[in-house]
1. Go through region C:331-414 and tell me which helices (runs of 4 or more DSSP H), entirely inside it, have 1 or more residues that are surrounded by fewer than 19 Cβ atoms within 10 Å (Cβ to Cβ) and out of contact with any His (no Cβ under 9 Å at 6 or more places or on another chain).
2. How about region B:190-242: which of its residues are modelled with pLDDT under 85 and β-branched (V, I, T)?
3. What are the residues in region C:97-123 that are within 24 Å of C:V341 (Cα to Cα) and free of Cβ contacts under 8 Å to residues at least 24 places away in the same chain, if any?
4. Going by the conditions given, is A:I220 facing chain B (nearest Cβ under 8 Å), of a type outside the set (S, T, Y) and in contact with a Ser or Thr (Cβ under 9 Å, 6 or more places away or on another chain)?
5. Restricting to region C:259-277, and then to whatever is crowded, with 24+ Cβ neighbours inside 10 Å, in contact with a strand residue (DSSP E or B) (Cβ under 8 Å, 6 or more places away or on another chain) and within 7 Å of chain A (Cβ to nearest Cβ), can you tell me which residue is modelled with the highest pLDDT?
6. Please tell me if B:M69 is more than 9 Å from chain A (Cβ to nearest Cβ), in a helix (DSSP H, G or I) and modelled with pLDDT of 95 or more.
7. What tally of residues in region C:167-201 results from selecting those that are in a helix (DSSP H, G or I) and surrounded by 24 or more Cβ atoms within 10 Å (Cβ to Cβ)?
8. Restricting the search to region B:117-129, which residues are over 17 Å from B:Y58 (Cα atoms) and part of a helix (DSSP H, G or I)?
Amino acid sequence: MASASTSMRLRLPIACIALEVILIILFGVAVEYDHDVSGEAGHKTNTTHHDYENEFYYRYPSFQDVHVMIFIGFGFLMTFLQRYGFSSVGFNFLIAAFSLQLATLVQGFLHTIMTGGKIHVGVESMINADFCTGSVLISFGAVLGKTSPVQMLTMAVFEVILFSVNEFILLCLLNAKDAGGSMTIHTFGAYFGLMVTRVLYRPNLDKSNKKNSSVYHSDIFAMIGTLYLWMFWPSFNSAITPHGDIQHRTALNTYYSLAACTLSTYAFSALLNHEGKLDMVHIQNAALAGGVALGTAAEMMITPFGSMIVGFLAGAISVLGYRFITPFLESKLKIQDTCGVHNLHGMPGILGAIVGAITSLAATKEHYGNRLSAVFPKISSDFPASAQAGMQAISLVVTLGIALIGGIIVVHSVSRLSHEEEEGEGRGKERRVGGTFPGDVLS
Amino acid sequence: MASASTSMRLRLPIACIALEVILIILFGVAVEYDHDVSGEAGHKTNTTHHDYENEFYYRYPSFQDVHVMIFIGFGFLMTFLQRYGFSSVGFNFLIAAFSLQLATLVQGFLHTIMTGGKIHVGVESMINADFCTGSVLISFGAVLGKTSPVQMLTMAVFEVILFSVNEFILLCLLNAKDAGGSMTIHTFGAYFGLMVTRVLYRPNLDKSNKKNSSVYHSDIFAMIGTLYLWMFWPSFNSAITPHGDIQHRTALNTYYSLAACTLSTYAFSALLNHEGKLDMVHIQNAALAGGVALGTAAEMMITPFGSMIVGFLAGAISVLGYRFITPFLESKLKIQDTCGVHNLHGMPGILGAIVGAITSLAATKEHYGNRLSAVFPKISSDFPASAQAGMQAISLVVTLGIALIGGIIVVHSVSRLSHEEEEGEGRGKERRVGGTFPGDVLS
Amino acid sequence: MASASTSMRLRLPIACIALEVILIILFGVAVEYDHDVSGEAGHKTNTTHHDYENEFYYRYPSFQDVHVMIFIGFGFLMTFLQRYGFSSVGFNFLIAAFSLQLATLVQGFLHTIMTGGKIHVGVESMINADFCTGSVLISFGAVLGKTSPVQMLTMAVFEVILFSVNEFILLCLLNAKDAGGSMTIHTFGAYFGLMVTRVLYRPNLDKSNKKNSSVYHSDIFAMIGTLYLWMFWPSFNSAITPHGDIQHRTALNTYYSLAACTLSTYAFSALLNHEGKLDMVHIQNAALAGGVALGTAAEMMITPFGSMIVGFLAGAISVLGYRFITPFLESKLKIQDTCGVHNLHGMPGILGAIVGAITSLAATKEHYGNRLSAVFPKISSDFPASAQAGMQAISLVVTLGIALIGGIIVVHSVSRLSHEEEEGEGRGKERRVGGTFPGDVLS
């Protein structure tokens, strides 16, 4: 138990208080209730808005499922690194609680850029803020064990802004479809995090923490995270799709993709192990790739058949990634991907973007009926399906570009901060040895 | 840690890949989106179907509760056997992900037998598939620790088919009511599993794994499973009932039954213990019997009063079962019921079937008003209540018959497979000692 | 492991069976289905009530979130005291299952006092019963480790009655608003529990159970409780508000309050620790104070800005309470607050009551539009806002009075029972040493 220095003692409280005060002031200046949330609405407009048709009843159960994925799912998934049990749950909580507030502001600001006026909040903004938070937590999984809480908060500030800019370009400028965030959430979060962890490379990072007496419980705790992510992924992908058959279909497609992905994960995990054993890390992570890989296409008429093929491929790719690509990234590219986010979010995210582009290409009035305008507004208004597919492909390239270049820029800010911090805390000897592991800060 | 043989190394991957490929092909050939799920529907028919009245919004929250029961509830409930912690969560996940896909096909096929056409999938088929999966997991609880993953997958194939045939006979041919599955899910799953475990009898199965240092955590993990099953059982019983007051009543009745069952469980557990202590196994299991025992009658006008009496009895029967019947089954009938499914699902399931028959007998136009046709379509169309009660009783007999006879037939297939497998793996000495415990396959 | 005496062996079973039999009889005599739950309703009245507008669909998802908070949230939150792991989860389960049945009767009885007739049950009565149960569990947190299960059941009987009387006075006689129960649930439960624990003061209560090998897992289990409470608190505060924008706003305000509270908790926890470390007990508890402190005002037009200020203050007050007030209470006032309920529920509850009164003061037709009558029926009918604020303030005083005076009265009953019990069991020596810890009863 390293004793943190005075500098450390003040750094985290000051950061939290300063950030929260700024957030509160900005909320006071710029945020107001959305139409469906405000009593004033009934006063201003004369529409007798039926209380039972409030968006709340058609979004809030999905929101709560997403909320559980963010706080329990991501938090517990990372407990499989027994050494970081406290950190993963405790700092996941802090980073998420901060990011969702900032995301509300930045996403809201970009939405009002065209129209002007105040930022409107309601259940849809809550879901979008949780989505952005998910992307930050994905990056957090790549750098777990290498950054202090204050560095993570700093990283979160930059990432929330870049995420929102990228999302705005994709959804508003390029008219891409990405309801479940294969590109905006998973690809972006993974490659951003990988760039950050690349710069923070530590040759001596101890990874030999697997074979000790508590791994048993750590793995069961991690399964809590895995299962909640797995069960609620249909809600995640469908949380902000248009209502009716589209939301219904999105949940259904994701459900089948995940089921197929699970069998493929077990198969390839046993196949690639020299002793035919199943690797818990594969099961905890790769079985979820089916949800990631359907983040773009789930709302489309991809059919259960198509969803299951995508899920099967995603599971296989993800396990192969853990077996062959993660060691390569670490040894050759010096990218230490602590939780393997490249395998769970990076490659399956890219797969999802490609599947989305291909499925868009097949969009016709015949398949979508009068719902074509809801799924593909552009195609519905005489935009050819091939152009939509092109926009989907361009969106992937844009996402990778912003994540990688943005990551490099941010990491230099964070890294500079890191050096200052280490200097400032240089006197505490124990601190230097193990103290930068955020887990040490929890008593 | 036994090293699994090459044969084992290939057996599980081949089984998973082969099964998943077959499933994908069958889905491609035979499955299409249900009316409420498909964009095409709006094209084909001219009805302007209001998006807010999509079945999704009236079934999906219940579906997610059921989903949590299947993956978290059943998975963690079985972690109380500390030795099988990995297995119970990990193989529960695999078996469930497989079974829900197969169940979609088999149940869908039987539903289309009369009408022809493709299998339709939507939120209702998702709930029904999860229900069938629940039955498979109940059987899994009886044989836990005695079968390899491949044997479990084989067993699941047969059980899904037999489950669906039995369900079809009860609900479509006999016009029985069983929304929460006292007969179709619990009685069937329990007695099928007990027949399988009977044939797999192992005289030397080590059960002395209770008193070790990790039981504390194992029991708390198991309580996670218990509590999720307990909390969401009202959603389970009401997930596929008709909408409106019927669904409302089903949840309410189950809630009171479970509450009464919990007090009776604590009472009888302390009463039967020589030192007046509470047995965690009773609390983890018997407190749930109140949900099982109301699986048939919860949608009927049984009143909270009636529900509480049923719950109270179910808890008592279940604790008595653990104390007196489980030892008898093992010593006299050579049935090793690893998780005590006979006490949680078997006897309370039979009680539930009887309660359902009796409650049907009292069904009158006076009690059900104009909803009689929704609860009892047959009684509503001049079928006497006594005939309905008779059909309920016949349904219990049919269920027991198919479960027991089906179990014997299946077990011989599985058992043959088992012998082959043991021969094939005979060379690995360590494998023979402890290797058939599926937990050993997880690393 | 102390051997419980014969007297103990019979005391708990008899209490459980007697209480449950009385409950069942009273349910049989006095309870009937609510309009929305009963098939008869369609018979008696001629209204064709649309099944999709059944209250079930607009309350049940919130109910299930509240249900998870009661059984998983409160149950696991208390596992941080590793010694009481079993007790906290196991007896939380028993007390809650009992209290929700009794609460249905007592609350229902008070609701029918004016109108006569039977007690009506439905999803609203289920939520209200769970709320009352929450208050009992808060008190349970104050006395954890000092009472036997039978004493806890006795305490629950009295507390459910007093809770319901206080709630009736506040909501029906004083026309106060308190949808999320800052006063009725949190303030009442905390101060009632503190009075009870005051009388049960034990000078030698061992609190040095923190630094042992299992605290790691205990703290992660406790985080499960914390996170479920945190995630679902928006559902808790909004579960029984009027439908539409009011319910939507309540959830939204609570969400922002909790997020701000989390940052303030981390900040003050690190600031007050001599080594700058974060205290897990603060994070597990104080981060939730933002939900408590918005229990009264969340349905009002307090804006996200106002909600975040309240949440920030609540987190700070709660951490300061753990650091300075809990030691003071124990050393000076001999109040051993085992789980720190004064910091999580007591002070934030009072803050919530004050915030509610102030926010009421600002209620105008301009802010609430035509929903003023739904939020403040009295102000809507020419009652000045200042009078409403006065009623809110009086409600806080009444709540504190009933909790403190009621606590003293009840504690003497419980305490008397305690002496009898100790006498009756005096022969078992081990029992006297550690036996009154309820954990010992679980085997």
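The values are calculated or read from the model by the stated rules, or taken from the named source; none is laboratory data. Quantities reported herein were computed from a predicted structural model and do not represent experimental measurements. Don't worry about glycine lacking a Cβ; one is built from the backbone with ideal geometry, like all the others, and counts go over all protein chains shown.
1. Numbers: elements: C:347-361, C:365-368, C:372-375, C:377-380.
Per the criteria, C:347-361, C:372-375, C:377-380.
2. B:V199, B:V215
3. Once the filter is applied, which keeps residues that are within 24 Å of C:V341 (Cα to Cα) and free of Cβ contacts under 8 Å to residues at least 24 places away in the same chain, region C:97-123 yields only C:A97.
4. Details: facing chain B (nearest Cβ under 8 Å): yes; of a type outside the set (S, T, Y): yes; in contact with a Ser or Thr (Cβ under 9 Å, 6 or more places away or on another chain): yes.
Yes; evaluated as a whole, the condition is true for this residue.
5. Among them, the one singled out is C:Y266.
6. Details: more than 9 Å from chain A (Cβ to nearest Cβ): yes; in a helix (DSSP H, G or I): yes; modelled with pLDDT of 95 or more: yes.
Yes, satisfied.
7. Kept after step one, since they are in a helix (DSSP H, G or I), are these residues of region C:167-201: C:167-173, C:182-199.
Filter once more, keeping what is surrounded by 24 or more Cβ atoms within 10 Å (Cβ to Cβ): C:167, C:170, C:182-194, C:196-197.
So the count comes out to 17.
8. Of the residues in region B:117-129, the ones over 17 Å from B:Y58 (Cα atoms) are B:117-120, B:129.
Hit for region B:117-129 is B:A129, nothing else.
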